[in-house]
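Asker: Sharing a structure, written as C-alpha cells. Questions coming.
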Amino acid sequence: MRPGVVVALVSASVCLLGFTPGPGPVPLPARMADTGGGTQLITARAPGTGSTSGTVTWWDLWDGQWVRAGSAPARFGAKGLVEGRTRKQGTNTTPTGLYRLPFAFGIKGAPSGTRVAYRAVKESSWWCEDVDSTAYNRWVDPLPADCRASESERLHDYRTQYAYGLVVGFNYDRRVRGRGAGIFLHVNGKAATAGCVSVPEDAMRRILKWADPGRKPHIAIGTVDGATAITRY
C-alpha cells in the first residue's frame, strides 16, 4: 500500500474515534498579567536573574490572538536582572517590569518605514544621569549646567550601541532619584550591557520598522520563572 494511503486511513480513523489535535503552546503575551493595553508587545526574557543573555521577541495582537512577528538573541546587564521597583543606579542590572517606549533615537538615520518618533543623535546629545539634576533621566541637547558630564552619557560616544535605540520607560514618568537612568533597547556592543537590553543591529532595524505608535507598543522584561517571571508583569 502506498504511504500516502496509510496516512489517509490513519487520519480517518482518528477522526472517527473523536480525537482532535491538541492545542498548540499558548503565546507568551497571552500568559502575562498585563501587556500594556496595546496590540504590540516586545518581550525580553532571560533564563534567570543571573543571566546576561536571553531572547527578545516582538508580537502583534490580531483578532484576539498574539502572533510572533520576530525574534532575536538578546543581551542583558553584566550583573543580570533585578526587580525594577527596587533597582539601584550603577549596579549594571537590567530592570524587570512592563514599560512603555517613549521614543526612538540613533546616530544613524531612521530605517525606512519607521513610524515611532525618532531623534537624531548629535555630538551635543546627552542622557542626563546626574541624580541632582532637574534633567535626571532625560535626553538633553545640549548638556544643561546642572547636569554633570561625569554622571551622564554623551550618546554620540557609543557609535555602535546607539546606531539605533528605543527608550525604555523605566523610571521615566515618575522619576525616583537613584533608581536608574538611561535604560534602552539598543544595538549590541562587545559584551553584556550596563543595564540595557541589546540585540543585533539588523534586529533593531526590524523592530523600529515594525513598531507602530498607534498600536501602543510596550516592552516587558523578565525571567522565565521566579519572582521576576515575565508573566507576572
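The values are calculated or read from the model by the stated rules, or taken from the named source; none is laboratory data. As the structure is a computational prediction, the values presented were derived from the model and not from experiment. All Cβ positions, glycine included, derive from the backbone under ideal geometry; neighbour counts span all protein chains shown. When the accessible area is computed, the model is the full protein with side chains, heavy atoms only, and any ligands, DNA or RNA have been set aside. Shrake-Rupley method; radii C 1.70, N 1.55, O 1.52, S 1.80 Å.
Asker: Restricting attention to the stretch 64-82, report how many residues are of a type outside the set (Val, Ile, Thr), closer than 30 Å to Asp130 by Cα and buried (at least 16 other Cβ atoms within 10 Å of the Cβ).
Answerer: First, pick out the residues of the stretch 64-82 that are of a type outside the set (Val, Ile, Thr): 64-66, 68-81.
Checking which are closer than 30 Å to Asp130 by Cα leaves us with 74-81.
Next cut, buried (at least 16 other Cβ atoms within 10 Å of the Cβ) only: 74-77, 79-81.
Residues meeting the conditions: 7.
Asker: Please enumerate the residues belonging to the stretch 204-233 that are among the aliphatic types (A, V, I, L, M) and either open to solvent by 20 Å² or more (accessible area, probe 1.4 Å) or in contact with a Gly (Cβ under 7 Å, 6 or more places away or on another chain) (or both). Steps first, please.
Answerer: Pass one, the stretch 204-233, residues among the aliphatic types (A, V, I, L, M): 204, 207-208, 211, 219-221, 224, 227, 229-230.
Answer for the stretch 204-233, where residues must be among the aliphatic types (A, V, I, L, M) and either open to solvent by 20 Å² or more (accessible area, probe 1.4 Å) or in contact with a Gly (Cβ under 7 Å, 6 or more places away or on another chain) (or both): Ile221, Val224, Ala227, Ala229, Ile230.
Asker: May I ask you to say which residue of Leu61, Leu98, Leu28, Leu41 is closer than 30 Å to Arg154 by Cβ and open to solvent by less than 60 Å² (accessible area, probe 1.4 Å)?
Answerer: Criteria check complete, one pass: Leu98.
Asker: Which fully enclosed strands (runs of 3 or more DSSP E) of the stretch 54-138 have 2 or more residues being out of contact with any helix residue (DSSP H, G or I) (no Cβ under 7 Å at 6 or more places or on another chain) and modelled with pLDDT of 95 or more? Outline the logic, then answer.
Answerer: Values: elements: 65-75, 81-83, 94-100, 104-106, 118-120, 126-128.
In the stretch 54-138, 65-75, 81-83, 94-100, 118-120 are the strands (runs of 3 or more DSSP E) which contain 2 or more residues that are out of contact with any helix residue (DSSP H, G or I) (no Cβ under 7 Å at 6 or more places or on another chain) and modelled with pLDDT of 95 or more.
Asker: What residue, of Tyr172, Tyr162, is assigned to a helix (DSSP H, G or I), of a type in the set (Phe, Trp, Tyr) and within 15 Å of Phe105 (Cβ to Cβ)? Even if it seems obvious, please write down each step before you answer.
Answerer: On the way: Tyr172 fails: assigned to a helix (DSSP H, G or I).
Only one candidate qualifies: Tyr162.
Asker: Considering the stretch 223-233 alone, what residues qualify as being among the small types (Gly, Ala, Ser) and on the phi < 0 side of the Ramachandran plot? Full working, then the answer.
Answerer: Our first condition is that a residue be among the small types (Gly, Ala, Ser); within the stretch 223-233, this holds for 226-227, 229.
Listed by number, the residues that qualify are Ala227, Ala229.
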